[in-house]
Amino acid sequence: MDYMAYHSLRREGEAWTWKFSPSVFKRDNVPSEWLEMGRTLVEAPGRKAIVHGEQSLLFTNDSSDYVRELGGIDIPIIAVPEARHHLMLDQPLAFVAALRALLAGWSIERN
C-alpha cells in the first residue's frame, strides 16, 4: 500500500492528487472500439484469462456471457469477491489467491 501511495499520489499545495498521464483521456471514446473489445480478446492468440471484481461496474455477468457468446468458452473468467475495479486495493489477498490458482491450473494443464 505504501508503494502504491508513494508512486500514485502527489502533493499539490495543501492537497493530494493522483499522478497519471493526462493523455489517458485524449483517446477517442469511440463506441465501436468498446463493442469490438470482446471479440479482440477472444481472437487474440495465446492463453488468456479474465480476472475481475465481482462488484465491478465495468465487467458484469453480461460481459462474461458476451465473451462466451463470442467463442471464449476456454477463457477462465474469475470474479474476485467483494472487489470492484481496483482488485489489488479492494481485495489484495483474494486477488493474489485468484492469480495463484489460475497459474497453478495452467501449470497442471501444461504438464
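The values are calculated or read from the model by the stated rules, or taken from the named source; none is laboratory data. As the structure is a prediction and not an experimental result, all values here were calculated from the model. Glycine gets a Cβ as well: all are built from the backbone with ideal geometry, and neighbour counts include every protein chain shown.
Cβ separations smaller than 8 Å between residues 6+ apart or across chains give the following pairs from region 77-103 residues that are more than 22 Å from R47 (Cα to Cα) to residues that are charged (D, E, K, R) and assigned to a helix (DSSP H, G or I): E82/D90; A83/D90; R84/D90.
Considering only residues in region 68-77 that are closer than 18 Å to G105 by Cβ and either of a type outside the set (G, A, S) or part of a helix (DSSP H, G or I) (or both), the one that is nearest to the chain's Cα centre (by Cα) turns out to be I77. Restricted to region 81-93, and to residues there that are part of a helix (DSSP H, G or I) and out of contact with any helix residue (DSSP H, G or I) (no Cβ under 9 Å at 6 or more places or on another chain), the residue that is farthest from Q55 (Cα to Cα) is L93. When region 30-74 is filtered for residues that are in contact (Cβ under 8 Å) with a residue 12 or more places away in the chain and over 26 Å from R100 (Cα atoms), the ones remaining, listed by number, are R39, L70.
Matching residues to (1) surrounded by 13 or more Cβ atoms within 10 Å (Cβ to Cβ); (2) not in a strand (DSSP E or B):
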site	(1), (2)
W16	no, no
T40	no, yes
H52	yes, no
S56	yes, yes
A79	yes, no
F95	yes, yes
A98	yes, yes
A104	no, yes
I108	no, yes
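Of all the residues in region 42-63, those that are at pLDDT below 95 and within 19 Å of G105 (Cβ to Cβ) number 2.
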